[in-house]
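Please treat every number below as a calculation from the coordinates, not as lab data. Model, not experiment: these values are computed from the prediction. Please note: Cβ atoms are built from the backbone with ideal geometry, for glycine as well, and neighbour counts cover all protein chains shown.
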Amino acid sequence: MLKLELGLIVSDALLFICDILKSGLCVGFRMHEWALAEAVISAASEVADKEGLRRVSEVSLRVGALQQIDHEVLRFALLQLRKAKLKDARFRIEHVRARMKCRACGHTWVFNEKQLDEDMVEAVHFVPEIAHVYVRCPSCGSPDFEVLEGRGVWLRSVKGVK
């Protein structure tokens, strides 16, 4: 069994390569999760091919809280889209809480999505960088903060058999 530790980010730029729109598979589901699933499957398949894996048994992901991903929809999409070498793969999805640090006062805090209304959550879901418009430092009220952790979708590891 080979386990590859990776640091690949599945970027939002990959979201728009999804052909699922044409297939009609996404009716009634959030498109962002389906597009991310397509990008994850593609990236994991590329890693498997590059490393000469005959079969992938497990794919581990880290999903940042700022992505506002519905993990159940993402998991369902991954299971529906897996193919060839990934057909029996398990998907482990780790939720990474967003930690912020204020550039004005230095205060560090954990992002709580419950502070945002539904429209704000949806905006952050599609463009995490827009969090600066809605989130303020709880200590001084500044919108100028750094995201220390909890942003992006990372392909952490791919386990399989050569």
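Structure notes:
- Glu129-Asp144 pseudo-label distance in nm [points 7 Å out on the Cα-to-Cβ vector]: 1.9 nm
- Ranking of Glu118, Glu51 by neighbouring Cβ atoms within 10 Å, starting from the fewest: Glu118, Glu51.
- Packing-based ranking, highest mean first, of 56-67, 90-101 given that Cβ atoms within 10 Å are counted: 56-67, 90-101
- If the chain linking Arg54 and His107 were pulled fully straight, counting 0.36 nm for each residue of separation and taking away their Cα-Cα distance, it would gain 14.2 nm.
- Here Trp109, Trp34 are placed in order of increasing Cβ neighbour count within 10 Å, fewest first, which gives Trp109, Trp34.
- Under 10 Å, Cβ to Cβ, from Ser142 - net charge with Lys/Arg +1 and Asp/Glu -1: +1
- Think of segment 89-159 as having a plus end and a minus end, set by charges on the Cβ of Lys, Arg, Asp and Glu; of Cys105, Gly152, His132, Gly152 sits farthest toward the positive end of this dipole.
- Here the dipole of segment 99-148 is about 360 debye; that uses its Cα centre as origin and unit charges on the Cβ of Lys and Arg (positive) and Asp and Glu (negative).
- Two-decimal log10 I(q)/I(0) for segment 43-140, as the Debye equation yields it once each C-alpha is a single scatterer, q = 0.21, 0.24 Å⁻¹: -1.02, -1.21
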